[in-house]
Amino acid sequence: MLSENLHLILLSAPLFLLVFLGFAVARLRKWPPSASTFMAEFVFYVPLPALLFSTMSRFSSLPPVDLRLLVAFFGSCLIVFVIGRVIGWKLFGLDGVSQSVFGVGCIFSNNVFLGIPLAQAALGEASLPAVSLVVAFNALLLWTLVTLSVEWSLNGSLSAKGFAKMARGVLANPIVIAIAAGLAFDASGLAMPEVFAAPIRMLAQSASPMALVVLGMGLARFGLTSGWREGAVVTFLKLAVQPLVVWGLARLLGLPPIETQAVVMLASISVGFNVFLMANQFGKMQSATASSIVLSTLFAAVTTPLAIALSH
């Protein structure tokens with residue numbers, strides 16, 4: 001077990017070195033925030049969708065995915081979200097909207113920029129269908145959860161207008177579109193001409209390293225600001241509590257090993273940038289969210305490989 005843990009840490013180390021390379025380049029070159037924003041948008045709209053389309057267009061030829069993994073992963077999200085809200089209320093005296101942002105920070109992983117590269121490196125190609133399935137539902141379900149929580153906190157009821165706006169944004173997400181398009185192409189039974197298949201493969205191969213460097217560039221914009229106490233608690237719940245809960249649910253449901261490792265890995269990944277977008281949108285917890293992104297990315301370099309190994 002010790003040698004396996006060390007192997008996974010060594011296997012993941014180059015990925016986190018790419019993150020810190022992006023961080024160092026952005027800091028040393030003193031590039032403006034617009035540089036990392038442009039790069040992040042490019043990766044999000046071009047190479048990552050190419051990777052997911054390429055994977056899902058071969059879905060029928062890949063190992064079957066146990067759909068119970070969605071219950072394990074998103075069941076853990078609901079449980080830890082409630083725990084996070086209660087802790088935010090009791091420990092920090094947060095209001096309902098701040099509790100919602102605090103709670104979603106404990107469950108919203110950086111699955112696109114970090115989860116997909118880690119899955120490829122640590123678990124292999126066979127894990128990508130399971131990871132893609134979680135990624136496809138992740139934004140939709142978790143944006144829905146936090147939107148409903150905030151609306152209820154503000155109004156004591158649900159706003160159809162706010163929910164519709166959120167749904168439109170999720171359905172226009174290039175990651176969701178790429179997964180859906182790949183599945184549709186796979187179902188069609190058509191063969192893609194090489195003139196199109198070759199550039200898609202090249203873009204797909206560049207997606208993981210580019211995503212990791214861009215993640216590091218984004219981290220250079222944040223620091224350990226005044227919300228570090230709340231950020232530290234979010235980091236603990238995200239990196240320790242959620243992986244434990246999802247592992248327990250996976251064992252309870254009897255998930256196969258590859259699906260169990262995939263959902264535990266996704267649960268153990270650092271806080272995603274979407275949480276910072278949520279904090280800005282609702283005007284709450286921006287400093288704490290920024291701190292949690294930095295802290296969780298630093299600690300995940302060690303805790304995520306351990307979570308993968310221990311969930312085997």
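Odds and ends about this structure:
- Every condition in (1) in contact (Cβ under 8 Å) with a residue 40 or more places away in the chain; (2) closer than 20 Å to PRO243 by Cα; (3) out of contact with any strand residue (DSSP E or B) (no Cβ under 9 Å at 6 or more places or on another chain) holds for ARG58 except the one numbered (2).
- Residues in region 92-150 that are surrounded by 24 or more Cβ atoms within 10 Å (Cβ to Cβ) and of a type in the set (Phe, Trp, Tyr): PHE102, PHE108, PHE113.
- Looking across region 298-312, the residues that are modelled with pLDDT of 85 or more and within 15 Å of the chain's Cα centre (by Cα) come down to ALA300, THR304.
- Given (1) part of a helix (DSSP H, G or I); (2) within 27 Å of THR147 (Cβ to Cβ), index of the condition LYS284 fails: (1)
- Test for PHE276: is it more than 18 Å from LEU118 (Cβ to Cβ), at pLDDT below 80 and in a helix (DSSP H, G or I): yes
Residue-by-condition table, conditions (1) touching a Pro at 6+ places or on another chain (Cβ under 9 Å); (2) crowded, with 22+ Cβ neighbours inside 10 Å; (3) farther than 28 Å from PHE102 by Cβ; (4) small (Gly, Ala, Ser):
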| position | (1), (2), (3), (4) |
| --- | --- |
| PRO199 | no, no, yes, no |
| ALA204 | yes, no, yes, yes |
| PRO209 | yes, no, yes, no |
| GLY227 | no, no, no, yes |
| PHE236 | no, no, no, no |
| PRO243 | no, yes, no, no |
| TRP247 | no, yes, no, no |
| LEU252 | no, no, no, no |
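- Residue in region 38-86 that is surrounded by the most Cβ atoms within 10 Å (Cβ to Cβ), counting only those that are farther than 14 Å from ALA181 by Cα, among the charged types (D, E, K, R) and at pLDDT below 90: ASP66
- Out of VAL294, VAL271, VAL213, one residue alone is buried (at least 24 other Cβ atoms within 10 Å of the Cβ), within 20 Å of LEU114 (Cβ to Cβ) and in contact with a Gly (Cβ under 8 Å, 6 or more places away or on another chain). It is VAL271.
- Look at region 206-234: where a residue is closer than 16 Å to PRO32 by Cβ and a partner is modelled with pLDDT under 80 and part of a loop (DSSP other than H, G, I, E, B), sitting 6+ places away or on another chain with Cβ atoms under 9 Å, you get MET217/TRP31; ALA220/TRP31.
The values are calculated or read from the model by the stated rules, or taken from the named source; none is laboratory data. Since the structure is predicted, the reported quantities are computational estimates derived from the model, not experimental observations. For neighbour counting, all protein chains shown are included, and Cβ atoms are generated from backbone atoms with ideal geometry for every residue, glycine included.
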